[in-house]
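Inspection log for the structure reproduced underneath, given as C-alpha cells.
Rule-based calculations on the coordinates, nothing more; no lab input. The structure displayed is predicted, hence computed values, not measured ones. Here the Cβ positions follow ideal geometry from the backbone for every residue, glycine too, while neighbour counts run over all protein chains shown.
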Amino acid sequence: MGTDSKNAQGAGGIALPLKAQFSLDATLCHYRREGAIPVCAARIPGQPPRHAPGIQEKMFERYTEKARRVLFFARYEATRYASPEIETEHLLLGLFRETKALFEFFLAANATEDSFRKQIGGDLDAGKRTAADMNPPLGDECKRVLAYAESEADRMEHKLVAPEHLFLGLLREESCVAARMLKARGADIDRVREEMTASANNSLPAARKAAKSLRKQTAAGDAEQIITGPLRIDLYKLHSQKPRGKRLRFFLWRCIQLPFFDHAPQILGSLRVFLLRLFGAKIGPSCRVSNGVKILMPWNLTLGERSIIGRNTEIHNLASVEIGDHVVISEHSYLCTSTHDYTHPYFPVQSLPILIDSQVWVAAGCFIGPGITISEGAVIGACSVVTKAMPAWMVCAGNPCKPIKMRVIRTV
C-alpha cells in the first residue's frame, strides 16, 4: 500500500486522516500567518526545530509542549466537526485529550469525554458544518481565551503558558460554549486559581531545585513550567478497596487470624488450613500453612496440592493469588497484588492477580509484585524482587529478579 493511502499517527497515538497530516509546529505557524499567534518556526517531524534567520519567537515560545499539543488537538477536533473556525468547544476537547487528570480533579464525576461530545454535537450550529477546512483559523472567542491564558500566566509569575492556564482562559470567557459546559460540571475559576497559586507558593525548596535542574537538562524548546497545583495528590479521594458487603467477613477474619495464625504454635497447621477453607480459600490436600502467616483475604487464595507457605509470609491479596501443586513459599516472603497509580491525583489502588505455577520454589525474603506469573518449576532466589514474569525451569534471582541458569532435576 502506498504512503498516500496510509493514516498518520498524531500525538498520543491517535490515527489522523491523510488530510490531517501536519506537524505541530506547522499548525502553530499557520495561526501566526492568520494573525492569531506570533511567529514560530516550523520543523520537520522527528528533526530539531529550524530557526529561520531574522525570525524571533515572541509569544509562542512561552507555551509548553503540552499546551501546544492542546492546540494541535483543538485544530484536529475542528476538522472532525467540519467547523470553519476553531471554537472554544474544540479547545475544550483538546484540553481533555491532553490533561484528563485536570478535569478529574476540578470537575464532577459526569465530566467524561462522551458527555462533552454529546453536548457539543447538540450545541453546534448545523449551518456551520461546511466542508472541513484543514487550516481552520482561531475563532474570536478562542483568541480571547489564549490572551486570557497568557494573562493568567503573568498574574501567577509563571514563565510558560501551560494547559492549566488555558483551562482558566476558557473559564474567563464566560459566554462561550466551553465555559458553560465546565461551569455546569462544577468548575470554579476562583478555586482553580487558588489551587494553582497555593501550590506554587508552598513548593519545597528542594522541589524547586529539582525542577530547575530538570529544566536545565531539557532542550530550551521543550522546557516546561512545572505546575503542580491541580495535579497534586489528594488522599481524601482515596477509597477503601474492600467491598461493603465483605467488610463484616473481613473483620471476623482479622479477629480469628490474630490468635490462630500470628501466635498459634506450628502443630496447629491443620486448624489454620480448616479456618482458611471456612473463609473461602480453595486449598488442596496435604497443604501446610505455618504460624505467623498473614493472609489479607482468604477468599482470594487458591493453594494447590501438597504446597507449603512458610513462617511469617504475608499475602496481601486484594486480587487473587493462585499457587499450584508442590510449591514452597519460604519464610518472610511477601506476595502483594496491589499498587497505586502514582500519576493520578487521587492515588487510586490498582490490583492485579499473582499466579505461581506448580513445582516452584520461592526462597526466603522474596517480594512478588502485582500481575506477576512465575512459570512451572522456576526457582526464585532469596531476597529477590520479582517485577516481571519468570520463565519455566529457570533459577532466577536479583533486584530486579532475572533468569540466571536452567534448573536441572537430578535422577535419584
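When you scan the range 59-107, how many residues do you find that are outside any helix (DSSP H, G or I) and at negative phi?
11
For VAL386, only one of the following conditions fails: (1) of a type outside the set (Asp, Glu); (2) surrounded by fewer than 19 Cβ atoms within 10 Å (Cβ to Cβ); (3) out of contact with any Leu (no Cβ under 6 Å at 6 or more places or on another chain). What is its number?
The one condition VAL386 does not meet is (2).
For the range 345-359, state whether one or more residues are out of contact with any strand residue (DSSP E or B) (no Cβ under 7 Å at 6 or more places or on another chain), over 22 Å from THR302 (Cβ atoms) and aliphatic (A, V, I, L, M).
Within the range 345-359 (the criterion being out of contact with any strand residue (DSSP E or B) (no Cβ under 7 Å at 6 or more places or on another chain), over 22 Å from THR302 (Cβ atoms) and aliphatic (A, V, I, L, M)), the answer is no, since none of the residues qualifies.
If I filter the range 317-340 down to residues being buried (at least 19 other Cβ atoms within 10 Å of the Cβ) and under 25 Å from the mean Cα position of the chain (by Cα), which single residue comes out as farthest from VAL360 (Cα to Cα)?
LEU318
Can you tell me which residues in the range 277-309 are crowded, with 16+ Cβ neighbours inside 10 Å, closer than 13 Å to ILE256 by Cβ and not aliphatic (A, V, I, L, M)?
Residues satisfying the conditions are PHE279, PRO298.
Checking VAL360 against (1) surrounded by 17 or more Cβ atoms within 10 Å (Cβ to Cβ); (2) closer than 17 Å to ILE295 by Cα, only one condition comes out false. Which one?
Every condition holds for VAL360 apart from (2).
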